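Engineer: Pasting a structure below so you can have a look.
The values are calculated or read from the model by the stated rules, or taken from the named source; none is laboratory data. Everything numeric in this text was worked out from a predicted model, so none of it was measured. Because the Cβ atoms are built from the backbone with ideal geometry, glycine has one as well, and the counts that use them run over all protein chains shown. With ligands, DNA and RNA removed, areas are computed over all heavy atoms of the protein, side chains included. Shrake-Rupley method; radii C 1.70, N 1.55, O 1.52, S 1.80 Å.
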Amino acid sequence: MKRMMVVAFVVTLALAFVFFLSAAMLELAPAAIDLRVPVSAHLTESGVSHPVTAVLLNYRGYDTLLEIAVLLLALVAILAVVGEAPVAPSRAAHPVLQTLGRLVTPLMVVVAVYLLWAGAFRPGGAFQAGAVLAAAAVLLHLVGLLAGWSSPRLRLRIGLAAGFALFLAVAAALLKQGSLLQYPPDAAGTLILLIECGLTVSLALILAGLFLFLAREEGA
Amino acid sequence: MNEPLIDPLVWLILLPLAWATLAFVLGPGRGGWLAIAGLVAQCWLAFNLAQQVSAGVAVVHAVGGWGAPLGIDLAVDGLSAAMLLLTQTVALPLAIYARSYFKASDPAGAGFWPLTGFLIAGMNALFVSADLFNLYVTLELVGLAAVGLVAAGGGAQQVAAALRYLFATLVGSGAYLLGVALIYGVYGTVSIATLLPLVTNEVPRLVWIASALIVSGLILKTALFPFHFWLPPAHGGAPAPVSALLSALVVKASFYLILRLWLGPLQSVLPAFGWLLALLGAAAIFWGSWQAIRAVKLKRLIAYSTVAQLGYLFLIFPLLAAPAALQAAVMQAFAHGLAKAGMFAAAGVLIKATGQDTVAGLAGAVERLPVTMFAFALSGITLMGLPPSSGFLAKWQIIQAALAQGHWIIVVVVLAGGLLAAVYVFRVLRLGFLSTPENVTFTPVSRVLEWSAFALAAASVLLGLRGVELIQLLGART
Amino acid sequence: MTTGFVFAITGGALFALGAAGIVLIGDLMRRILAFNLMGSGAFLVLVGLAQRYDVADPVPHAMVLTGIVVAVAATALALALVRKLHALTGEIELPDDADE
Amino acid sequence: MTLAFDLLLALSLLWSGWRTLATPRLDRAIVMFITFGLLMTLAWARLSAPDIGLAEAAIGAGLTGALLLDAYGVLRRPRKGP
């Protein structure tokens, strides 16, 4: 009975919220500020020609820096939570699936490299590329060609942290230009590509790690 | 204007990020000295920054050189300088404490240094950010790091507490994010400085909804009654250095953000919620104190005391017309931050020594661990608000502001809260003075632990004598 | 009604659905799903409302990309905690919180 | 015409979101959630946000879906031993 009342209360609240929110949205006047104007006005100085990449890695690159910190931090937290545990024996899948995995993986690597390169002037970039690489690793794990990871050794830890460390170092070095992450316009394209390459490797390792560090035997 | 390469504002964010990453690369449980060295430098930076702000220098840093609204601005005024100062000065003794608290192979300490580094970087970034969406990212940085610290290496109770905390913090930042999305929709910007002239007295209804979402998200993260449900298990169940960090600093971060928006871009909207927040604050004082009086476990008692002490922070909202109210809020944040860090640190010593986390198990503690019990008592003095402690100064200023505006009801709440705090503090101290039962043995505990707890507790009392500097810093709002 | 409005309103509804789910459902896996619905709802509002006159705005696009990465980080951490809780207690609901 | 498509997509999003929470079996709920992610990709395409669409497909539906299914596989098994 009490439970029913709680459910009814929450549902009513949610419906009322949606109603008022929608009504308030529909009566809205145009926004006072249109950021599309400065975004395209400074595009030539940003080092890339795709506006979203310009916002992501140049205008609001600081958000992205902190966001990579969040990702790395989540991985550290997961490692601290699961602790030491034996690695699950990788379950060998059907040979056909394994062959398929062997064939698809190089293709996914090619797609990732393309996405990374394309990010400068059209949709794509480090995140998508890293995610595709991570998906390849997950696929290899699922068909039994890649074992789950146990607690990371030094080399893997360096790989996981390298992209973020590189980004941080570039951000700090650019203080010389006058402020954090202030790219000199003529070198911006190169620096952004450098950061994106580092991020792709580390993002792939971190995203794959979110999966592979968890994919081990429970209990013990 | 600062020489950009040594701008303290930027390095307060970069430095903890750097030592957190290095500590992760070094491996589980390593990096303690690195963190302490980093925090020493950060303390110096924070003092340096506070001096600049006191001298009336406007400290703004346009990340990427673009400037708002295209880029993200970082800005420091007296309020944020004070919060930065509090964070670094509480974190440094706690880092020294934690280094001897966690044994080399302790699974609870495995991720402590990198997680703490990210936590402090997130808080520092939050205190200086002048961009609503960037603030969302810093909120997530702080929230996830705090959850990781609660869960690390723990048993079922701790993991359950961490999950409860995680959902609370995610719902909180989700509501905040939706609020920011609505603000962006209405004004086309998320920069605080750009929003300031745009949000006038006549705002669209959507801004009201956005403000309500932002404030509810943030009070959920600050654990204001009745959204405090996640705090006692998380703060009471975590290892002592983590409890201290969370209770002293993390909950203040989201409170700071409410205050920042209240005094800044949402100043024409938020004051409508003033008495509601004060009412919840008063309820928090009574409910938290009552639960602390009844608590069986020592760290539960201290965690419920945090619920109560956070209530004072919200009493100031209807009074913000007077400058004393802002001073009271910051003084209370300092008083509670130092005192609660000292108290949880002392509790960690007592638990290590007695091998149990119950209030009843403290019998004889005064005889065996006089320094630690003295630290506990000093923290207690600040929480009760006795002179000359900083807690007294904070409560005195709330009372002054309330009387000046004729709100005597707030005075009653403050005085009653002080009495209730005395009940739960003396409950612990009285047991400590009993003689040790025959069958109980005390394990010897490192001096570093005892004295770092003492330093924090003593600082909370002594700050009361140097409150003027802090008030001057706040007065320097530009 | 423009595409932007349609999806902004849908986003508001998804946010409410997810929030209600987190409050009402005890099963931790469902709560994680509900949290993701809530996040997707907020992202739709962010992009949809900014584009209510159907002109693409790259700034919220970049913000949502940031948000998606943060959401997957939070989801992975939540799943790790649920799996740890299950390994320790065999439960996938939160036990009552007791002070003993 | 496009409005009709948008409305249909919006309703599908809400329906799949609702089924994700309400369907009794967890494995179906996760599959429903992945469907939701793919529908979100369509919505991003309609909002002329191909970058988000790519990220949503790879991270939102793909990686999150894999994480959820993997967790389901573990949680379904009863715990071994005390």
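Engineer: Suppose the filter is away from chain D (no Cβ under 14 Å) and in contact with a Leu (Cβ under 8 Å, 6 or more places away or on another chain); does A:Phe164 pass it?
Structural biologist: Working: away from chain D (no Cβ under 14 Å): yes; in contact with a Leu (Cβ under 8 Å, 6 or more places away or on another chain): yes.
So A:Phe164 passes the test.
Engineer: Can you tell which of D:Leu69, D:Leu75, D:Leu39, D:Leu26 is more than 8 Å from the chain's Cα centre (by Cα) and either within 24 Å of A:Leu116 (Cα to Cα) or away from chain A (no Cβ under 14 Å) (or both)? Break it down into steps so the answer makes sense when it comes.
Structural biologist: Values: D:Leu69 fails: either within 24 Å of A:Leu116 (Cα to Cα) or away from chain A (no Cβ under 14 Å) (or both); D:Leu75 fails: either within 24 Å of A:Leu116 (Cα to Cα) or away from chain A (no Cβ under 14 Å) (or both); D:Leu39 fails: more than 8 Å from the chain's Cα centre (by Cα).
It is D:Leu26.
Engineer: Looking at region B:2-21, can you tell me whether even one residue there is in contact with a strand residue (DSSP E or B) (Cβ under 8 Å, 6 or more places away or on another chain), open to solvent by 30 Å² or more (accessible area, probe 1.4 Å) and either closer than 19 Å to B:Val330 by Cα or not in a helix (DSSP H, G or I) (or both)?
Structural biologist: Checked against the condition, which is being in contact with a strand residue (DSSP E or B) (Cβ under 8 Å, 6 or more places away or on another chain), open to solvent by 30 Å² or more (accessible area, probe 1.4 Å) and either closer than 19 Å to B:Val330 by Cα or not in a helix (DSSP H, G or I) (or both), region B:2-21 yields at least one hit.
Engineer: Among the residues of region B:290-304, which ones are at the interface with chain C (Cβ under 8 Å from one of its Cβ atoms), surrounded by 20 or more Cβ atoms within 10 Å (Cβ to Cβ) and not basic (Lys, Arg)? Quick ask: steps written out before the conclusion?
Structural biologist: Step one: of region B:290-304, the residues at the interface with chain C (Cβ under 8 Å from one of its Cβ atoms) are B:295-297, B:300.
Applying the additional criterion that residues be surrounded by 20 or more Cβ atoms within 10 Å (Cβ to Cβ) yields B:295, B:297, B:300.
Within region B:290-304, just B:Ala295 meets the criteria.
Residue-wise test of (1) of a type in the set (Lys, Arg); (2) surrounded by fewer than 20 Cβ atoms within 10 Å (Cβ to Cβ); (3) over 30 Å from C:Ala20 (Cα atoms); (4) more than 10 Å from chain B (Cβ to nearest Cβ).
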site: A:Phe9; (1), (2), (3), (4): no, yes, no, yes
site: A:Ser46; (1), (2), (3), (4): no, no, yes, no
site: A:Arg60; (1), (2), (3), (4): yes, no, yes, no
site: A:Leu65; (1), (2), (3), (4): no, no, yes, no
site: A:Leu75; (1), (2), (3), (4): no, no, no, no
site: A:Ile78; (1), (2), (3), (4): no, no, no, no
site: A:Gly83; (1), (2), (3), (4): no, yes, yes, no
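Engineer: Which one of the conditions (1) more than 8 Å from chain A (Cβ to nearest Cβ); (2) open to solvent by less than 10 Å² (accessible area, probe 1.4 Å); (3) closer than 27 Å to A:Leu160 by Cα does B:Ala46 fail to meet, given that it meets all the rest?
Structural biologist: Answer for B:Ala46: the failing condition is (3).
Engineer: Something else now. Report yes if A:Val138 is part of a helix (DSSP H, G or I), β-branched (Val, Ile, Thr) and more than 14 Å from chain D (Cβ to nearest Cβ), otherwise no.
Structural biologist: Numbers: part of a helix (DSSP H, G or I): yes; β-branched (Val, Ile, Thr): yes; more than 14 Å from chain D (Cβ to nearest Cβ): no.
No.
Engineer: Here are C:Gly18, C:Gly48: which of them is in a helix (DSSP H, G or I), without any contact (Cβ under 8 Å) to a residue 60 or more places away in the chain and more than 7 Å from every other protein chain (Cβ to nearest Cβ)?
Structural biologist: On the way: C:Gly48 fails: more than 7 Å from every other protein chain (Cβ to nearest Cβ).
So the residue among C:Gly18, C:Gly48 that is in a helix (DSSP H, G or I), without any contact (Cβ under 8 Å) to a residue 60 or more places away in the chain and more than 7 Å from every other protein chain (Cβ to nearest Cβ) is C:Gly18.
Engineer: Step by step: first the residues of region A:141-161, then only those that are within 12 Å of chain D (Cβ to nearest Cβ) and assigned to a helix (DSSP H, G or I), then the one that is modelled with the highest pLDDT. Which residue is that? Give the steps one after another, and end with the answer.
Structural biologist: Filtering region A:141-161 for residues within 12 Å of chain D (Cβ to nearest Cβ) gives A:141-142, A:148.
Now restrict to residues that are assigned to a helix (DSSP H, G or I): A:141-142.
Details: A:His141: 86, A:Leu142: 81.
Ranking the qualifying residues of region A:141-161, first place goes to A:His141.
Engineer: Among the charged types (D, E, K, R), open to solvent by less than 10 Å² (accessible area, probe 1.4 Å) and touching a residue at least 40 places away in the same chain (Cβ under 8 Å): does that describe B:Lys340? Lay out the reasoning, then the answer.
Structural biologist: Numbers: among the charged types (D, E, K, R): yes; open to solvent by less than 10 Å² (accessible area, probe 1.4 Å): yes; touching a residue at least 40 places away in the same chain (Cβ under 8 Å): yes.
Criteria met by B:Lys340.
Engineer: When you scan region B:32-59, how many residues do you find that are hydrophobic (A, V, I, L, M, F, W, C) and assigned to a loop (DSSP other than H, G, I, E, B)?
Structural biologist: Initial filter on region B:32-59 (hydrophobic (A, V, I, L, M, F, W, C)): B:33-37, B:39-41, B:43-47, B:49-50, B:53, B:55, B:57-59.
Then keep just the ones that are assigned to a loop (DSSP other than H, G, I, E, B); that gives B:55, B:57-58.
Number of matching residues: 3.
Engineer: Residues of region B:174-214 being open to solvent by less than 10 Å² (accessible area, probe 1.4 Å) and more than 14 Å from chain C (Cβ to nearest Cβ), which ones?
Structural biologist: Answer for region B:174-214, where residues must be open to solvent by less than 10 Å² (accessible area, probe 1.4 Å) and more than 14 Å from chain C (Cβ to nearest Cβ): B:Leu195, B:Ser211.
Engineer: While we're on this one: For residues that are of a type in the set (Phe, Trp, Tyr) and open to solvent by 50 Å² or more (accessible area, probe 1.4 Å), scanning just region B:432-478, find the one that is modelled with the highest pLDDT. Write out each step before concluding.
Structural biologist: Of all residues in region B:432-478, those of a type in the set (Phe, Trp, Tyr) come to B:433, B:442, B:451, B:454.
Subset that is open to solvent by 50 Å² or more (accessible area, probe 1.4 Å): B:433, B:451.
Working: B:Phe433: 87, B:Trp451: 96.
The residue in question is B:Trp451.
Engineer: Does A:Leu97 count as part of a helix (DSSP H, G or I) and at the interface with chain B (Cβ under 8 Å from one of its Cβ atoms)?
Structural biologist: Values: part of a helix (DSSP H, G or I): yes; at the interface with chain B (Cβ under 8 Å from one of its Cβ atoms): no.
The answer is no for A:Leu97.
Engineer: While we're looking at this one, here's another question. In region A:157-179, how many residues are open to solvent by 30 Å² or more (accessible area, probe 1.4 Å) and among the β-branched types (Val, Ile, Thr)?
Structural biologist: Selection size over region A:157-179: 1.
Engineer: Would you point out the residue of region B:60-81, among those that are in a strand (DSSP E or B) and in contact with a helix residue (DSSP H, G or I) (Cβ under 6 Å, 6 or more places away or on another chain), that is nearest to B:Ser191 (Cα to Cα)?
Structural biologist: The first filter runs over region B:60-81 and keeps only residues in a strand (DSSP E or B), leaving B:60-63, B:72-76.
With the extra rule that they be in contact with a helix residue (DSSP H, G or I) (Cβ under 6 Å, 6 or more places away or on another chain), the set shrinks to B:61, B:63, B:72, B:74, B:76.
Working: B:His61: 13, B:Val63: 13, B:Ile72: 7, B:Leu74: 10, B:Val76: 14 Å.
The extreme case among them is B:Ile72.
Engineer: Kindly indicate whether A:Leu133 is open to solvent by 40 Å² or more (accessible area, probe 1.4 Å), at pLDDT below 90 and either closer than 22 Å to C:Leu65 by Cα or not polar (S, T, N, Q) (or both).
Structural biologist: No: the conditions fail for A:Leu133.
Engineer: Is at least one residue of region B:139-149 touching a helix residue (DSSP H, G or I) at 6+ places or on another chain (Cβ under 9 Å), within 9 Å of chain A (Cβ to nearest Cβ) and open to solvent by 10 Å² or more (accessible area, probe 1.4 Å)? First the steps, then the outcome.
Structural biologist: As a first pass, look at region B:139-149 and keep what is touching a helix residue (DSSP H, G or I) at 6+ places or on another chain (Cβ under 9 Å): B:139-149.
Restricting the remaining residues to those that are within 9 Å of chain A (Cβ to nearest Cβ) gives B:140-141, B:144-145, B:147-149.
Then drop every residue that is not open to solvent by 10 Å² or more (accessible area, probe 1.4 Å), which leaves none.
No, region B:139-149 contains no residue that is touching a helix residue (DSSP H, G or I) at 6+ places or on another chain (Cβ under 9 Å), within 9 Å of chain A (Cβ to nearest Cβ) and open to solvent by 10 Å² or more (accessible area, probe 1.4 Å).
Engineer: What's the total number of residues in region C:51-68 that are more than 10 Å from chain B (Cβ to nearest Cβ) and under 20 Å from the mean Cα position of the chain (by Cα)? Spell out how you get there, then give the answer.
Structural biologist: Filtering region C:51-68 down to residues more than 10 Å from chain B (Cβ to nearest Cβ) leaves C:53-56, C:58, C:61, C:65, C:68.
Within this subset, residues satisfying the condition of being under 20 Å from the mean Cα position of the chain (by Cα) are C:61, C:65, C:68.
Looking only at that region, the number is 3.
Engineer: In region B:74-97, is there at least one residue being open to solvent by 10 Å² or more (accessible area, probe 1.4 Å), touching a residue at least 60 places away in the same chain (Cβ under 8 Å) and either aromatic (Phe, Trp, Tyr) or at the interface with chain A (Cβ under 9 Å from one of its Cβ atoms) (or both)?
Structural biologist: The answer is no, given that none of the residues of region B:74-97 is open to solvent by 10 Å² or more (accessible area, probe 1.4 Å), touching a residue at least 60 places away in the same chain (Cβ under 8 Å) and either aromatic (Phe, Trp, Tyr) or at the interface with chain A (Cβ under 9 Å from one of its Cβ atoms) (or both).
Engineer: Step by step: first the residues of region C:1-12, then only those that are modelled with pLDDT of 95 or more and touching a Ser or Thr at 6+ places or on another chain (Cβ under 8 Å), then the one that is farthest from B:Leu178 (Cα to Cα). Which residue is that?
Structural biologist: C:Ile9
Engineer: Just to check your reading of the model, which residue among B:Thr441, B:Thr382, B:Thr436 is in a loop (DSSP other than H, G, I, E, B), in contact with a helix residue (DSSP H, G or I) (Cβ under 7 Å, 6 or more places away or on another chain) and β-branched (Val, Ile, Thr)? Show your work before the answer.
Structural biologist: On the way: B:Thr441 fails: in contact with a helix residue (DSSP H, G or I) (Cβ under 7 Å, 6 or more places away or on another chain); B:Thr382 fails: in a loop (DSSP other than H, G, I, E, B).
One residue alone meets the criteria, B:Thr436.
Engineer: Can you name the condition, by its number, that B:Ala377 falls short on among (1) modelled with pLDDT of 95 or more; (2) within 15 Å of B:Lys395 (Cβ to Cβ); (3) more than 20 Å from the chain's Cα centre (by Cα)?
Structural biologist: It fails just one condition, (2).
Engineer: Select from region B:216-263 the residues that are over 24 Å from C:Leu94 (Cβ atoms) and open to solvent by 10 Å² or more (accessible area, probe 1.4 Å) and list them in ascending order.
Structural biologist: B:Arg260, B:Trp262, B:Leu263 - these are the residues of region B:216-263 that are over 24 Å from C:Leu94 (Cβ atoms) and open to solvent by 10 Å² or more (accessible area, probe 1.4 Å).
Engineer: Can D:Leu8 be described as modelled with pLDDT under 95 and either surrounded by 15 or more Cβ atoms within 10 Å (Cβ to Cβ) or within 18 Å of the chain's Cα centre (by Cα) (or both)?
Structural biologist: Values: modelled with pLDDT under 95: no; either surrounded by 15 or more Cβ atoms within 10 Å (Cβ to Cβ) or within 18 Å of the chain's Cα centre (by Cα) (or both): yes.
For D:Leu8, the condition - modelled with pLDDT under 95 and either surrounded by 15 or more Cβ atoms within 10 Å (Cβ to Cβ) or within 18 Å of the chain's Cα centre (by Cα) (or both) - is not met.
Engineer: Please tell me if B:Lys352 is of a type in the set (Lys, Arg) and surrounded by 19 or more Cβ atoms within 10 Å (Cβ to Cβ). Talk me through it step by step, then tell me what you get.
Structural biologist: Values: of a type in the set (Lys, Arg): yes; surrounded by 19 or more Cβ atoms within 10 Å (Cβ to Cβ): no.
The answer is no for B:Lys352.
Engineer: Checking the condition not hydrophobic (A, V, I, L, M, F, W, C) and not in a helix (DSSP H, G or I), which residue from B:Pro265, B:Pro271 passes?
Structural biologist: It is B:Pro265.
Engineer: Something else now. If B:Leu12 satisfies every condition in (1) more than 7 Å from every other protein chain (Cβ to nearest Cβ); (2) at pLDDT below 95 but one, which is the exception?
Structural biologist: Here B:Leu12 clears every test but (2).
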